[in-house]
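Worksheet: the structure to be examined is printed underneath.
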Amino acid sequence: MLPPTVVASVARVCSGKAEIPLTSDIELPTPPTDAEIEAAAAASGQSVEETRKVLDKRFKFANKRAIRENSDRHSLRCDMTLKLSVAEKYR
């Protein structure tokens, strides 16, 4: 079995590989601008208000998904940190 300090250094270097949680969060999406909404409305042939509702709904869904993903990553990092600290104590 590898010493805990080796495991901790591997966890920092190999983030995202071998079931080691990623150390970075994903960026939250930005809300659509008025120019983007108008361009999408012109391209789809819908009114600006209908397009705004659709794009706002997509933005809210993408934002919730990103927040959930970041929360999951944080949970995995905390779990790994706890396991490493327990391994350090039994060293």
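The values are calculated or read from the model by the stated rules, or taken from the named source; none is laboratory data. Predicted model only: the values in this text are computed from it and were never measured. Methodologically, a virtual Cβ is constructed for each residue, glycine included, from the backbone with ideal geometry; neighbour enumeration extends over all protein chains shown.
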query: Can you name every residue in segment 70-91 that is among the acidic types (D, E) and surrounded by 14 or more Cβ atoms within 10 Å (Cβ to Cβ)?
result: none
query: Given the structure, is A62 at pLDDT 95 or above and in a helix (DSSP H, G or I)?
result: yes
query: So which residues in segment 32-78 are closer than 30 Å to I20 by Cβ and touching a residue at least 12 places away in the same chain (Cβ under 8 Å), if there are any at all?
result: A62, N63, A66, I67, E69, N70, R73, H74, L76, R77
